[in-house]
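Visitor: I have a structure I would like to understand better, so I am pasting it below and will then ask my questions one at a time.
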Amino acid sequence: MNWTNLAGLLVVLLCLGAMLTHAYLRRAHPYEGFRPIPAFSRFLQSVYHAVESGSRVHISLGSSSLLSPSNTSALVGLSVLKRVAQIGATGDKAPLVTAGESTLAILGQDTLRNAFREANALGDYSNQLGRLTGLTPFSYAVGTFPVFRHEDVTVSYLCGSFGPEAGLLADSAEHNAPALVTGSESVQAQALYYASAEEPLIGEELYASGAYLQAGTLHAASLRAEDTLRWIVLAGLILGSLLKLVGLL
Amino acid sequence: MKSPVSAAIAIALGLIVLGGYFLDIPVLQSLRAELVTWAMVLAAFAVWIGVINLLSVHWKKAAAHAPDAPYSIILMVSFALTVIFGFLDTGLSATPQTQQIVNSIQLPIQASLMALLAFTLAYASIRLLRRRRDPVSIVFLIAVVVFLILGSGLLPSFNLPVLNDLVATLNRLPLAGSRGILLGVALGALTTGLRIIIGADRPYAG
Amino acid sequence: MCGKSNPAELENCQYCQARLKPLANKSGSILPDWLDNLRTKKDQEPASPPPPPEPEVPDWLSRVRERSQEDKDSEAFSQITLPDWLVEDEETPPPADQATPEPAETGIAPEATPAWLSEFTSAEPVEEPKPVDQESDIPDWLKKFSEFGELLPAEQGVDAPPPAVSESSPFTETSLPSDLPVIPNNNLEQPPADQAAEVTELPDWMLGLAPASPPTPGQPSEAPAVSLVEPSAEDEPLASPLSTDLPVSLENNAPEWLKDFQAAGAGQPQTALPFAGEALPPAEINADLPDWLGKLSAPPSAEPAVSPAPEEPAPQEGESLIPAEIPGWVKAMRPIETIVPVPKVDHRIEERGPLAGLKDILPAESGALEIAPPPSFAFRLHTTDQQRGRQALLESLLASEAEPKPREKPAPRLDNQILRWVIAALILLAVIVPVVANVSILPAAEAYPGQAAQALAAIDSLTQNVPVLVSVDYEPGLAGEMEAAAAGVMNDLMARGARLTIVSTSPTGSALAVRLIEKAAGNKPEPFHTPYLNGERVANLGYLPGSASALLGFAQAPQAAAPFTVTGQYAWSLPVLQGIHSLSDFGLVLVITENPDTGRGWVEQVHPALGDRPLILVSSAQAAPVLLPYLDSGQIDGMVTGVTGGAVFEKYSSRPGLGQAYAGGYQAALAVAVCVILVGAIVEAITLFVKSSKAKKEA
C-alpha cells in the first residue's frame, strides 16, 4: 500500500467517523443549526403547494452515468426524489422523474415505487413516472421539454450531472414551471444555472439537499461532517501554503 | 428480493470495490475488477431497459393523442430506422448508414441546440439583473464579460507584456474558484458515497 | 248473504250456506287461537290476585307434577315446587348470569319463547322471511353472525357440547309457578318439557348471539326457560361441571341488566328471584307487554314460538328454527310421546291472500322465526338553516378543492420575444461575416503558456508509424467546437504517419471519429490522408459502455475490454495494433472531450497505466478550467482548449485547418455577446433606476 492510498483510506475513515459522531451527538435535534438556504425553503413550499393545487413535481437526475464519478449528484437527486415522493405520493398528480441515463431512470423508478409503497399508494404508481427521455445529453434535454409544457409541472428540481444542456433545460423550465431549483456538481452547469435559474445551488449546497429536506438523520450528520472536513482541508491548505512559502515544500 | 438482502449485497459490494481501490490485496483487486466488468455489462443491459421505457412512454403518448403525439411517432420511426441501419452497418465502409445518420441528422440537430444555448445564455444574462438584484449578480455579470473577452483571444493579440501578465493572472481566477467548488463537491460526493455504502441511503428496493 | 235469520251457534247460513262467522278468529282477534284463549281468560278474570289457572297440562307433565308434589315439602314454597337439589343450591347465591329476568308476559310460558328468538324478534324488525337452509349443519345466517362478531365458532352451532348453562340457570333454579298460564295442548304441538330443555340448554352459538343485541331494560331478551320437569337423577351430577364450565363469552357478554342482577343477587337468597315469590297477574302482564312481544304476537300468521323437535324432518312451521343438539340427559327425560313421530297436521287457517279462510294449506312463508338483515338506524340530525348553509358552503369549498385548477401560464411578453430575435440575429451575423471574410485575430502563444506548446512538443517527439490511442469522447452537439480544436492535432498526427486506434465512451464517438478524420483531412486531402480515410491505418474499437468503470477496465486489460472493431474484426491482430499489448505500448494517448468528467476519468483511471507515455487533452473552452489543474500537476502533458486553442496549435504547427477558419467568427460572436450583455445590463440598470425613482416620487 502506497502513501497516497493510505491517505485516501484515512480520509474516508475520518469522514465516516465524523458522520457517525455527528449523528450520535445531534441525534435529538439533527436538523437544527443550519444556515438558511432560500432555495430549499422555497422548494419545500412549492412542493406542498403543488400537492395542494393538484399539479406535479418534477425531478431531473441529469445524464451522468451511474458508473461515473459524477454520479453522486444524481444520488442526491434520488434522495430528494424519495423525500418529494413521500410528500406527493398521495397528491392528485404523482411526482415525475426524468433522466438522461438508463441506470438513473431505473433507480428513479425504484425510488418512486418504494415511496408509493410506503405511502400505501402503490396503485397510483406507474413506470411512466420514471422516464428516460434521451440517451445523449441534448436529446435528454429535448425529451424533457414536453414534461415542462404538457405535464402541468409547477416545481422542478434539476439535480444531477449536467453539461451544456443545463442552459436549455433551465430556460425551458423557467418558461413553464414557476419554481425551479437547480443543483449540479458540474462547474459549468452551475454557471449556466446561475444565469438561467431562479434558485441555483452553488458548490456543495447540492449535497445539503437531504439535510435541508429532512430526508434522514445521516443526511444532516453528513452535512456536519462535510463542514468538519472542510475546516481540516482549509487548515491543510494554509499550512501547505506556508510551508511552500518558506521553502519546505 | 427482500430488502435486507439487497441492502446487504449492495453494502458488501461497495466495501469490496472501495477496499480494492485502496488496499493492495490481490483478492480484493481481482474481485473489484470482476465487479467492474459486471457493472459494465449491467449498464449495457440497462440501456436496453431505458430504451424500452422511452419507447413505451412515447407509444402511450401517441396512442393517447397527446399534444406532442406527432413527435412521439417521429421518434419511434426514427428509432426503428436507426436500429435497422445499425444492424446493416458494416463499419468503416464507403457509405455507412450509421455514419450518415450521425452526420446528417443527429449532429446538425444537436449543434443547433448548442447554438440556441448561446442565444439563450445571452438573453439570460441580460435578464439576470431583473431576476436577482444583488451584488453577487453584478459581480457575476462583470466576470462573464471579462472572461468572454479573455477567452476570445482578442486582448492577448495586442502583445503587451503588462496586459499579458494581467490576462494570465485573470485566467487563474476561474481555476482557483473551480478548485474551491470542486473541493466542496468532492467532500459532498464522499459523504454521499459513504451513505450509500453503509446503507443509510438506499436508492433501490431496500 | 240471503238476509235470513239463523241461530247464533251456526257458522254457516242454513239457507244459503254462506259463512256467518269470520274464519280468522272466533273471537274476532287476529291472534292465534291459543293466544286468543289466553286473552279471553285474562279479560274474564277479576282484578284481584288471580286464582291459579286451570292449565291444560300434558299428561306427562301432570305425572311429573304429581310426583313432584308428593316429594317436595310445600311449607317453604307453597306455589313453587323445587327439587331437592335446587333447594340445596338455594343456600348459595347464584351468579350473575343465573339471574332470571322477568317472564314473558304474553301468557305464554317463558320457556316457550327462547331467549335468542326473543332477541331476534325484538331487535330486528321482520321484513322478509328467509328460509333456513337445513341441509347444512350450520345455517348461512348463523355463519354470518358468527363470522361477523366472532361470537362463536361455527362448529359450535349444532355439534357443540351442551351449552354451559349451570344448574343456577333459570332452568334449574326455578320451577314453573302453579299459577303460570300453561300453553294449551292444541296449540303447542310439542311437549313443553322437551322444548324447555332445548331452550334452556342453549348452545354456545345462541349464547354468543345474545349480547349482539342487548335488550332494553325490562325486556326479557334472555327469557328464563322455566323447567317444566323435575330434574332426574342423571341430571344432578351434570349440573356441577356445567356451572364450572361457564363460558367466558357468556360472562363477558352478559347484558348490563344481567350484571346488575348478578350484583344484587350475589347477596340475596334464591327467593329474590322473580319467579320465586309470586306470579304476575295477567293484567299486569298485559300492561307491561313490550313492543317486541306485541309485534311477535300481532301478525296473525305468526306461529307459536315453539321450535319443533330436532329429530323431526323439516317441519313446516319451524323451518326457520335452528335445530340444536339436545344433550343426552335431556333426551333421557323426554316423554315417550315425543319420540314417537306424530303425523303433523297444520290446522292453521290462512288469513291473507286468495286462500284466506281455508284450512290445512301449505304455508307460503316460514313461520315464527323470520330473519332479516340488521336494521339500519337512520340518525336524522336536526339542523338549523344556518347550519345547513354552512354545510353547503363547506361542501362547495371541498368540491372546489378537489378539482385541480388548470394553471394559467404567463403569456410570453412581446418585448422579450423581440429581444431574443435581435440577439440571435446579431450573433449570427457576427459568426457568419468573419468566416466568409476569413478574418481572425489570433492570440499570441504567451496567452496559453504550457498548453498548445506542450501538446505540440509532445507530438513532435513521436516517431513515424507510432501507435496512437485517440479517444473521441464528445457529443455531436459540440462537434463544431471540438472538431475545430482537434483537427489540427489530428492532422499533425496523420502527417507523421501515426497508427490511430480509436475508442470512445460515447455511443456516437466512433462515428464522430470518422467525421473528425474527414474534417482534419479537409476538402483537399493530401496523399498521407488516404490510408486514414479508407481505414487502413485506423482501428476503430467503438463504444466502451460504463463510463469511468469502462476506462478502468480498458486500462487494466484493453484486449478484453475492446476485443473487436466496429466492423466485427478482432482488433488486436490488425496491423494497426501490431505489438500493442497494453496501453503503455502506445506512443501517445490523445483524449478529445468536452466533458470535464470524462477528461478527469482518463487522467485518474487510465494515466497510471500509461507509464511515461504522454497524455494530451483536447477540450472545449468550458471544460478547460476544470482540467487545467491536471496540466499544472503534470498528469497531462499538453492541452488544446476550444476553437482558440486549436487555431493556436494550427498556427504553430504550420498546418492551417478548421481552428483558424472558425476563429474569426468565434471571436466576433464573443465580442457581440459581450456587447449585448453590457448594453442589456446598462438598460436594465437604467430601467430599475427610473422605476425606483418613480416609486420614491410617488411615495
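The values are calculated or read from the model by the stated rules, or taken from the named source; none is laboratory data. Values in this document were obtained by computation on a predicted structure and should not be read as measured data. Cβ coordinates were reconstructed from backbone atoms using ideal geometry, including for glycine residues, and neighbour counts include every protein chain displayed. Surface areas here come from the heavy atoms of the whole protein model, side chains and all, with no ligands, DNA or RNA. Shrake-Rupley method; radii C 1.70, N 1.55, O 1.52, S 1.80 Å.
Visitor: Please identify which residues in the range B:4-36 have an amide N closer than 13 Å to a label point set 7 Å out from the Cα of A:T4, following the Cα→Cβ vector.
Guide: The answer is B:22.
Visitor: Am I reading the B/C interface right? What is its buried accessible area, both sides, 1.4 Å probe, to the nearest 100 Å²? Intermediate results must be reported in sequence, preceding the final value.
Guide: Working: alone 15880 and 36840 Å², together 48290 Å².
It comes to approximately 4400 Å² buried between B and C.
Visitor: Let me ask something else. Treating only the Cβ of Lys, Arg, Asp and Glu as charged (+1, +1, -1, -1), what charge dipole size does chain B show about its Cα centre? Round to the nearest 20 debye. Provide the component values of the computation, followed by the final result.
Guide: Numbers: 13 positive and 7 negative charges, 154 e Å.
My answer is approximately 740 debye.
Visitor: Hey, what angle do you get for helix A:3-25 against the long axis of chain A, alpha-carbon based, 0 to 90 degrees rounded to 10?
Guide: Between helix and principal axis, roughly 60 degrees.
Visitor: May I pose another question? What's the local net charge at C:G657, with K and R +1, D and E -1, over the other residues with C-beta under 11 Å away?
Guide: My count for the surroundings of C:G657 gives 0.
Visitor: Can you tally the net charge around A:G100? Count Lys and Arg as +1, Asp and Glu as -1, for every other residue whose Cβ sits under 14 Å from the Cβ of A:G100.
Guide: My count for the surroundings of A:G100 gives -3.
Visitor: How big is the accessible area of A:D227 in square angstrom, nearest 10, if you roll a 1.4 angstrom probe over the protein chains?
Guide: Rounded to the nearest 10, the figure is 70 Å².
Visitor: Still on this structure, please answer the following. For a quick check of understanding: with a 1.4 angstrom probe and all protein chains in place, what accessible area in square angstrom does C:D473 have, to the nearest ten?
Guide: Taking all protein chains as shown, C:D473 has close to 10 Å².
Visitor: Cα convex hull of the range B:1-90: how many Å³ per residue?
Guide: Working: hull volume 14.9 nm³, N = 90.
About 166 Å³ per residue, rounded to a whole number.
Visitor: Follow-up. Taking the Cα-to-Cβ direction at C:Q387 and at B:A8 and moving 7 Å from each Cα, how far apart do the two end points lie in nm?
Guide: With each label point 7 Å from Cα toward Cβ, the separation is 6.0 nm.
Visitor: Let me have the 222 nm mean residue ellipticity of chain A computed from DSSP H runs of 4+ only, each contributing -39500 (n - 2.57), with the sum over all residues rounded to the nearest 500.
Guide: -19000 deg cm²/dmol, from helical runs alone.
Visitor: Using amide H atoms built 1.01 Å from N in the peptide plane, name the residues 5+ places from C:L588, or on other chains, whose amide H lies under 5 Å from its own.
Guide: Excluding prolines and chain starts, which carry no amide H, the hits are C:L469.
Visitor: Given N residues in chain B, what is Rg(Cα) / (2.2 N^0.38 Å)?
Guide: Compared with the compact-globule rule of thumb, chain B sits at 1.52.
Visitor: Additional query: Given axes a ≥ b ≥ c from the Cα gyration tensor, I'd like to know whether the range A:166-249 is rounded (a/c under 1.5), prolate (a/b larger than b/c) or oblate.
Guide: Oblate, since a/c reaches 1.5 and b/c is not below a/b.
Visitor: Nearest 10 degrees, 0 to 90: what angle lies between the long axis of helix A:71-88 and the longest principal axis of chain A (Cα atoms)?
Guide: 50 degrees
Visitor: Evaluate 2.2 N^0.38 Å with N set to the residue count of the range A:87-130, then give the Cα radius of gyration divided by it. Walk me through the intermediate numbers first.
Guide: On the way: Rg = 9.9 Å, N = 44, 2.2 N^0.38 = 9.3 Å.
Dividing the Cα Rg of the range A:87-130 by 2.2 N^0.38 Å gives 1.07.
Visitor: Hey, with R₀ at 30 Å, roughly what FRET efficiency would B:I142 and B:R179 work out to, going by the Cβ-Cβ distance, to 0.05? Each step should come with its number before you reach the end.
Guide: Values: r = 21 Å, r/R0 = 0.70.
FRET efficiency, B:I142 to B:R179: 0.90.
Visitor: Just for the Cα atoms in the range A:112-187, what are the lengths along the principal axes, largest first, rounded to whole Å?
Guide: 39, 22, 20
Visitor: Considering the Cα positions of the range C:455-597, please state its Rg to one decimal place and its Dmax as a whole number of Å.
Guide: Computed over the Cα atoms of the range C:455-597, radius of gyration and Dmax are 14.0, 40 Å.
Visitor: Something else now. Name the residues whose placed amide hydrogens come within less than 5 Å of the amide hydrogen of A:I59, ignoring near sequence neighbours (fewer than 5 apart) on the same chain.
Guide: Amide H neighbours of A:I59, under 5 Å, 5+ apart: A:L96, A:V97, A:T98, A:Y157.
Visitor: Hull surface divided by four, with the convex hull built on the Cα atoms of the range C:579-693: how many nm²? All intermediate terms of the calculation are to be shown ahead of the outcome.
Guide: Details: hull surface 41.5 nm².
Approximately 10.4 nm², given one-decimal rounding.
Visitor: Which residues of the range C:589-608 bury at least 50 Å² of accessible area once all protein chains are present, versus their chain alone (1.4 Å probe)?
Guide: C:D597
Visitor: Give the Rg/Rh ratio for the range A:1-121, taking Rg as the radius of gyration of the Cα atoms and Rh as the Kirkwood radius, to two decimals.
Guide: Radius of gyration over Kirkwood radius for the range A:1-121 works out to 1.06.
Visitor: Compute the FRET efficiency between B:R132 and B:M76 as 1/(1 + (r/R0)^6), taking r as their Cβ-Cβ distance and R0 = 30 Å, and round to the nearest 0.05.
Guide: Given R0 = 30 Å and the Cβ-Cβ separation, E is 0.10.
Visitor: Suppose a student asked you for the relative contact order of chain A, using Cα pairs under 8 Å spaced at least 6 residues apart; what percent would you report?
Guide: Working: 438 pairs, mean separation 56.8, N = 249.
Result for chain A is 23 percent.
Visitor: Cα axis of helix A:102-118 to longest principal axis of chain A: angle in degrees, 0 to 90, nearest 10?
Guide: The angle comes out near 70 degrees.
Visitor: Counting alpha carbon pairs within less than 8 Å and at least 6 residues apart, what relative contact order, in whole percent, applies to chain B?
Guide: Relative contact order, chain B: 25 percent.
Visitor: Taking the Cα-to-Cβ direction at B:F85 and at B:D68 and moving 7 Å from each Cα, how far apart do the two end points lie in nm?
Guide: Calculated label separation equals 2.3 nm.
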